[in-house]
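Peer 1: Dropping the structure in here first, questions after.
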Amino acid sequence: MNKDFAHTPDRFLSHLESLFSVTLQDAREIMFHFHEEMRRGLAGERSSLKMIPSFVSRPKGTEKGNFLALDLGGTNIRVLAVELDGKGNATLAAVSRFVISHEAMGGSGDTLFNFIADCIQSFFREQHLGMQQACDLAFTFSFPVEQRSIASGKLICWTKGFTTSGVEGRDVVALLAEALQRKDMGFIHVAALANDTVGTLVAKSYADPDCDMGVILGTGTNACYPEKIARILKYHCSGASAEMIVNMEWGGFDKLKTNRYDQVLDRASHNSGLQQLEKMVSGMYLGEIARLVIVEMIEKGLLSLPAFSEAYALTTEHLSNTAQGQDLFSDFGLAHVSAADRQTIREICRIVSTRSARIAGAAIAAVIAWMDADLESSHTVAIDGALFEKYPGFNNNMTDMLLDVFGDRAKRIKLYLVKDGSGIGSAIIGAVAASARR
Ligand code: GLC
């Protein structure tokens, strides 16, 4: 590192800007490596993209009925009742949200699955639903799962800070069914298991046939797309359908240019060496990257702030609020912060979040180019997650990257927010699975 780089905050920030930049050349390299890793993952070769077949294809829009879904994401559990009218409209009839406790995230598998079963029980009580009538439930489980069928799959490894013991390598549908039995709710049948990206894609494509990508930009990040079965070389079964949605687990992509802050964050994390893209892009980590920059600037005397020594004390929500002009410092008990320091912090937030959005944009560009190299068709990308929904300018920064890569043809790509998509989509998947059994 050049020793002269940082005598003033301004010089430090311009050094930081170059450290976090994602140029068009970088984007082309990301796309190239994505295609390599996608090919390997689909062939069953060693790859940082797991490319997991989901046993689901896109819906027809004619699926009909009332369905229950359980959505276990990063920080929340949601139980949802979804009504499908068979004409492309999916309505959220009821939803209950529960915050996942620290014991459930880091304790035993039984504690976690008992907690989930308790959440379902509370939902039944809150919605005054009868406790005995047989019903189907779709399970959105937003972690890497080696899926064996539409309603079974083993957890490969935890991500997003979960360390619950005794779940990796086990079938999560069976674990949920056992917990439901323990709580006298054996009348609930787990009909489908889906990743949140797959739910999001299915929810949007229920009404929009142009939708061919599902992306999550929230606590974690990931994407899926419909792949031709003939190209999934590691998948040996044949089915009625010519395509199957593939959960890429793109958070694991490991061919990005990391800097010293990324390396420090990774070394201190629960899953060091894994989830490189996720750690540079997703909401769980952006606050921590910014905090590491702030701590270094404090140490160098370039910021005169006393706080920020606690890991993960600065969240992505703080960054997002700062970008909206809100006061970040009162949350940390700091009343007298100079205008110059405030401006420096805003710049750090902008630099860290812009890199995230540009990497996400390059990753979307890679998947679209894989499906349609000359961008001949229109593509709707269904996106869920607070980073995309709430972070000021995130969407524009992603769109700028798509424009850099594809020029005018980028207009054929529509980025679309699908709120609650993961839960609604898995209910649609549940509907397909339930009708197949009848
Ligand atoms: C993590 C999980 C992945 C999920 C994503 C978004 O990357 O491994 O399965 O889709 O977070 O929630």
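Quick note: the coordinates plus some simple rules give every number you see, no bench work behind them. What you see is a predicted model, and the numbers here were worked out from it, not measured in a lab. Virtual Cβ from ideal backbone geometry, glycine too; neighbours counted across all protein chains shown.
Peer 1: Quick one: which of 338-348, 374-384 comes out on top by average Cβ neighbours within 10 Å, and what's the full order, highest first?
Peer 2: 374-384, 338-348
Peer 1: What is the local net charge at Tyr235, summed over the other residues whose Cβ is closer than 15 Å to its Cβ (Lys, Arg +1; Asp, Glu -1)?
Peer 2: +3
Peer 1: Mind jotting down a quarter of the surface of the convex hull over the alpha carbons of region 201-289, in square nanometres, one decimal?
Peer 2: 7.6
Peer 1: Sticking with this one: Which one of Thr200, Thr159, Thr62 has the biggest mean-square fluctuation once the chain is modelled by GNM with Cα springs under 10 Å?
Peer 2: Thr62
Peer 1: Between His128 and Ser272, 0.36 nm times their residue separation minus their Cα-Cα distance comes to what?
Peer 2: Difference between extended and current length: 47.3 nm.
Peer 1: Now, a different point. Within a Cβ distance under 15 Å of Lys390, other residues only, what is the Lys/Arg minus Asp/Glu net charge?
Peer 2: -3
Peer 1: Which of the peptides 134-146, 263-275, 311-323 is most tightly packed, and how do the rest follow, going by the mean number of other Cβ atoms within 10 Å of each residue?
Peer 2: Ranking the peptides 134-146, 263-275, 311-323 by packing returns 134-146, 311-323, 263-275.
Peer 1: Taking 0.36 nm per intervening residue step and subtracting the Cα-Cα distance, what contour gain separates Arg170 from Ser241 on full extension?
Peer 2: 22.7 nm
Peer 1: Once every DSSP H run of n ≥ 4 in the chain is given -39500 (n - 2.57) and the sum is divided by its residues, what mean residue ellipticity at 222 nm do you get, rounded to the nearest 500 deg cm²/dmol?
Peer 2: -13500 deg cm²/dmol
Peer 1: Sticking with this structure for a sec: Holding the Cα-Cα limit at 24 Å, pick out from Lys154/Lys390; Lys204/Lys390; Lys255/Lys300; Lys255/Lys279; Lys50/Lys419; Lys50/Lys279 the pairs that are longer than that.
Peer 2: Table pairs above 24 Å Cα-Cα are Lys154/Lys390; Lys255/Lys300; Lys50/Lys419.
Peer 1: Which value, in debye to the nearest 20, describes the size of the charge dipole of region 273-371 about its Cα centre when Lys and Arg Cβ atoms bear +1, Asp and Glu Cβ atoms bear -1, and nothing else is charged?
Peer 2: Value, rounded to 20: 340 debye.
Peer 1: Then there is this: What is the gain in length, in nm to one decimal, between Phe332 and Arg46 on full extension, counting 0.36 nm per residue of separation less the C-alpha to C-alpha distance?
Peer 2: Contour length minus Cα-Cα distance gives 98.5 nm.
Peer 1: Which order, highest average first, do 285-298, 208-221, 41-54 follow once you tally other Cβ atoms within 10 Å for each residue and take the mean per peptide?
Peer 2: Sorting 285-298, 208-221, 41-54 by mean packing, highest first, produces 208-221, 285-298, 41-54.
Peer 1: Taking every DSSP beta bridge with both residues inside region 69-223, roughly what % is antiparallel (nearest 5)?
Peer 2: Taking every DSSP beta bridge with both residues in region 69-223, the antiparallel ones total about 65 percent.
Peer 1: Suppose we keep just the DSSP beta bridges with both residues in the chain; what percent of those would be antiparallel, to 5?
Peer 2: 60
Peer 1: A further question follows. Grab the other residues whose beta carbon is less than 13 angstrom from that of Gly109, score K and R as +1, D and E as -1, and report the net.
Peer 2: Local charge sum for Gly109: -2.
Peer 1: Which distance in Å, rounded to a whole number, links the C-alpha centroids of region 98-152 and region 251-265?
Peer 2: The two parts, judged by their Cα centres, are 33 Å apart.
Peer 1: How long are the three semi-axes of the equivalent ellipsoid of the chain, in whole Å, if each is the root of 5 times an eigenvalue of the C-alpha gyration tensor, listed from largest down?
Peer 2: Working through the eigenvalues yields semi-axes of 37, 26, 19 Å.
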